[in-house]
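Here is the structure we will look at.
We did not get these values from a lab; they are worked out from the coordinates using the rules stated. Because the structure is a prediction, the values reported are computed rather than measured. Positions of Cβ are generated from backbone atoms using ideal geometry, with glycine treated the same way; all protein chains shown enter the neighbour counts.
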Amino acid sequence: SEAFTRLTAALQRVLRIVPADTPASHDPALFEDAAEHALATALAGVADKLRAGPLPLPEFATVAEALVEPIDDYFDKVLVMADDAAVRANRLGLLAAIRDLVAGVLDWREIA
């Protein structure tokens, strides 16, 4: 579906930029842009809905769809690879949290 295609594209953007060894942690006090807060809020909402346990892919995609717009907005408005090392690590850590959240579902990088 178009929604699944958009979700896949958004998650692939995240996976392409986050180094494998990046810890999945972030400090909202270091956020400089509203798009960072929006993505962190969307991530928390999706994570809360997934806490009950693994979902079949269609249900997972429906829940995770809430990340698409905030991810797109994040990449449009936030320079992830900021000059400030702490800010850069924080931004990558936020994206790594998304990476870790979706990792067990399927290999998003392999979807064409």
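Here the condition is being touching a residue at least 40 places away in the same chain (Cβ under 8 Å) and under 18 Å from ALA3 (Cβ atoms); of ILE71, ILE17, it holds for ILE71 alone. For the range 43-64, residues that are in contact with a helix residue (DSSP H, G or I) (Cβ under 9 Å, 6 or more places away or on another chain) and among the basic types (Lys, Arg) total 1. Can GLU65 be described as farther than 13 Å from LEU95 by Cβ and of a type in the set (D, E, K, R)? Considered against the rule, which asks whether it is farther than 13 Å from LEU95 by Cβ and of a type in the set (D, E, K, R), GLU65 comes out as yes.
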